[in-house]
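Only one structure is covered here, and it is reproduced in the block below.
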Amino acid sequence: MNANNLMANNPMKKIYVAGGQFRRSVFQKLEEWESCKQAMVAEIDPVSKTSRTCVEYESPKEAAADELPAILFKATTLRDNKLHICTSTEVMIYDVPSFRLATYISLPFFNDLHHVYPTPQGTLLVMVTGLDMVAEVSLDGKLLRYWDVMGEDTWSIFSRDIDYRKVPTTKPHRAHANHIFQLGDEIFVTRFHQRDAISLQDPTRKIEIAIQRPHDGFLFNGLLYFTTVDGHVVVANPRTLQVERTHDLNKMSGPSGENLGWCRGLLPVDERFVWVGFSRVRPTKFRENLNWIRQKKQTHRPSHIALYDLQSGTCVEDIETEPHGIGVVFSLF
């Protein structure tokens, strides 16, 4: 199917991409937590391949590490024209489509935030990946409760007296939990290292995502969709907590064998078509996070978003994001 015809017949004609603009350094290789100098949201038209910048943002000094802080937008939740979004150390709510900043929260224990998720009760669940915890906070910034994603005592591992916004990284993480979703009142998180999605209220209830480390995970049209960093879309049944389908995006993208990039950011259009985001792979000293790359050719694709037809097993469209200012793709909405 021609991509122009597909998008013309689909109500979602434009896509918002959240992430960050690369920081360039001639003199040193930058680690992942140093890689972005500015957070961005761009609106991309898949048909015309044009874009407009909706938000450009830099964290204030008091809410960032002192040297080479990574400033980028992480995973988003769009609900009722409110965009819930985070940087590594801040939670924001923007009105959409005006992108007026309505709410701002930054607390000392915020480190390497990955996702913010609004609850039906009007509170926010914040994925504090740097401390491997989920925090529930009020809109005025009060900590209401928290869960350690490994079931341990967070404050026996970390100090309540440290401003973790100023700490560049707490890696290696125990779980590197990434994404939050709810099944009824039950809160689940994806855990990178454990390759699962686990209930915070009942850790015996979990979804095994054994094929590779998961990133995004959310409920869409009665099914759970996950990305894995090596380029798979995993579909699970929320009632049985069992994986029902796995789609290999590498095979759908053609026979070249190139590394597609760090896969995260997932936007289902319907049960057939999904947009997926990929970020250019950059050096890291935590090599175990990139073991999956060793199976592929050492040629790396630029950061891009791609539209996949899960029914036919093909890539319908592919758009590079770096020309639109976004080097690290984190979330699509």
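Can you pick out the pairs among 37/82; 49/166; 13/171; 14/166; 14/171 whose Cα atoms lie more than 32 Å from each other?
Numbers: 37/82 25 Å; 49/166 38 Å; 13/171 39 Å; 14/166 36 Å; 14/171 36 Å.
Check vs 32 Å cut-off fails for 49/166; 13/171; 14/166; 14/171.
With both residues required to sit in the stretch 3-332, DSSP beta bridges show an antiparallel share near 100%. Apply the Debye scattering formula to the chain, with a single equal point scatterer on each alpha-carbon and no solvent, then give log10 I(q)/I(0) at q = 0.08, 0.14 Å⁻¹. Scattering profile of the chain, log10 relative to I(0): -0.34, -1.14. Which whole-angstrom value gives the distance between the alpha carbon centres of the stretch 191-215 and the stretch 30-105? Answer, in whole Å: 27. For the stretch 313-326, backbone phi angles converted through the Karplus equation (6.51, -1.76, 1.60; θ = phi - 60°) give residue-by-residue couplings of x, 10, 8, 8, 8, 8, 10, 5, 9, 4, x, 9, x, 9 Hz, Gly and Pro being listed as x.
Sorted fewest first by neighbouring Cβ atoms within 10 angstrom, 312, 59 come out as 312, 59.
For every helix of n ≥ 4 consecutive DSSP H residues, a contribution of -39,500 (n - 2.57) applies; sum these over the chain, divide by its total residues, and give [θ] at 222 nm rounded to the nearest 500 deg cm²/dmol.
Details: 3 runs with 14 residues, N = 333.
Helix contribution divided over all residues of the chain: -500 deg cm²/dmol.
Straight Cα distances below 14 angstrom link residue 206 to the aspartates and glutamates 186, 196, with same-chain residues fewer than 8 positions distant left out.
Once the Cα gyration tensor of the stretch 140-215 is found, what semi-axes does its equivalent ellipsoid get, as square roots of 5 times the eigenvalues, in whole Å, sorted largest first? If you can, show how the numbers build up before the last one.
Details: eigenvalues 106, 56, 26 Å².
Gyration-tensor ellipsoid for the stretch 140-215: 23, 17, 11 Å.
Couplings for the stretch 116-132, taken from phi via the Karplus curve 6.51 cos²θ - 1.76 cosθ + 1.60 with θ = phi - 60°, read 10, 9, x, 9, x, 7, x, 9, 10, 9, 10, 7, 8, 4, x, 10, 6 Hz in order; Gly and Pro are left as x. Along the stretch 238-243 the Karplus relation, 6.51 cos²θ - 1.76 cosθ + 1.60 evaluated at θ = phi - 60°, assigns HN-Hα couplings of x, 7, 8, 6, 10, 6 Hz to successive residues, with x for each Gly and Pro.
Bear in mind these aren't lab numbers, they're just calculated from the coordinates by the rules spelled out. Since we're looking at a predicted model, the values are computed, not measured. FYI the Cβ positions are ideal-geometry reconstructions off the backbone, even for glycines, and counts take in every protein chain you see.
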